[in-house]
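To keep things clear, I will list the structure first and then write my remarks on it.
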Amino acid sequence: MRVTATCLLAAMIGLLVVSIVFQRDYPALAWLRAFAEAGTVGAIADWYAVVALFRHPFGIPVPHTAIIPRNQDRIANGLGSFVEQNFLTPEIVVDRLRGQNTAAAVAAWLARPDNSRLIADSFADSVPALLGSFDDKEVARFFERTVVPQLRTLDVSHLAGNMLAILTEGDRHQPLLDHGLRALERWLVANSDVVKAKFGEASRYTPALLDTYIVNRFVEGIIALLHEAVANPDHELRHQFDAAVQEQIRKLHTSDAYRRVGKAWMRDCIRYLRREDYYRILWERARTRLSADIGSPRSVIRHTMAAGLAAIGKFVADDPGIQEKLNAWWLELVHTVMLRYGRQIAALITEVVQSWDAGEVGRKIEAEIGPDLQFIRINGTFVGGAVGVLLHAGALLLA
């Protein structure tokens, strides 16, 4: 486009020369001369205007030329402010997103197995490099500075009480109790001879038949009691067990003795980990197993992540209520981010533009709008020529 506009300028100059040379012999060329003169002036003026935006014409530092490079900082600040005020305001961004069901769109995309697998693979592929970036010393420092202080302050007794409370809440422990009672019954039946032998050893002065009778009656009574406890959800044995568990939870939460035991146990664990270099061993085993699983064609991590993401996507896609809540959360998050960081994003744009080389800024902008600028030169040539013809006609009318 630059070559086209320049050739058009050269053509105007050529027409001007021809019309000047032959006008005496051909008076009608005065019209062509008027067109060529004005067209040449318009072309040169527009060439100067275009060049002055980006550089000094012919390298001559004429005042008010190379406008863009000389005003790079002002342009950068103006661009950052323009983006901040017209694109990054919370109201504009939130209003633009409010009409879209973002949660449904993301959920539908995530529910497709290929897409969830893509995310899982992308995450899994990054794990080996992440694991390999840490050496043993860094892992040891991480444990010493982050994990160990947390372990020292951990109230093991209170934590155990919470776990036991969660386990027994809503009678969740009853199936485990049933299983334990049945296991105890099976053990008594299978080891009744051992019980008899031990009873006989402890009672040397009673006849063997009497020992057998007593043991059999004892085992049968215990088995009957266990049967009753398993069959009756409201059995007294269950109530006694529940009361004992609740008392144990209370002690774990309130007893100083339990708390001291828990802290001592945790100190012993930390001391053992340090002494046996378990930081390095645990890290090496975890890294080896994770890397082996991720590199396997049947990776459990990849499959679990992909299946989990797809399940989440399908669940959200099928529940409009969840979508509404997620969309509300998403819009609130966007509003907060724009409110807090919109200015930083605009500042980033300003800093990036300011960091460019001054000449590079001009080249980048010229590369984007160059064809349009050359059209200005071309249009200026023809518009100038047309105005020249009109002025020549006006002069003839006034003469």
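The values are calculated or read from the model by the stated rules, or taken from the named source; none is laboratory data. It should be emphasised that the depicted structure is a prediction, and the values quoted were computed from it without experimental measurement. Note that we place each Cβ from the backbone using ideal geometry, even for glycine, and neighbour counts take in every protein chain shown.
General remarks:
- Residue match in segment 365-372 (condition: modelled with pLDDT under 85, within 35 Å of the chain's Cα centre (by Cα), among the aliphatic types (A, V, I, L, M) and in the same structural domain as G14 (by TED's automatic domain parsing)): yes
- Scan of segment 1-30 for residues that are surrounded by 14 or more Cβ atoms within 10 Å (Cβ to Cβ) and within 18 Å of G380 (Cα to Cα), ordered by number: R2, A5, T6, L8, L9, A11, M12, I13, L15, L16
- Pairs linking a residue in segment 222-246 that is surrounded by 13 or more Cβ atoms within 10 Å (Cβ to Cβ) to a residue that is among the acidic types (D, E), with Cβ atoms under 7 Å and 6 or more positions apart or on different chains, are I223/E185; L226/E185; V230/D178; H235/E228.
- The condition of being among the acidic types (D, E), under 22 Å from L290 (Cβ atoms) and either touching a strand residue (DSSP E or B) at 6+ places or on another chain (Cβ under 6 Å) or surrounded by 11 or more Cβ atoms within 10 Å (Cβ to Cβ) (or both) holds for D136.
- Elements of type helices (runs of 4 or more DSSP H) contained in segment 100-219, each with 3 or more residues being within 30 Å of V316 (Cβ to Cβ): 102-111, 113-132
- Single residue of A124, A120, A108, A38 found to be surrounded by fewer than 18 Cβ atoms within 10 Å (Cβ to Cβ), over 30 Å from Q344 (Cα atoms) and of a type outside the set (K, R): A108
- In segment 295-399, counting only helices (runs of 4 or more DSSP H) that sit wholly within it, the ones holding 2 or more residues that are farther than 24 Å from A105 by Cβ and touching a Gly at 6+ places or on another chain (Cβ under 9 Å) span 320-355, 358-398.
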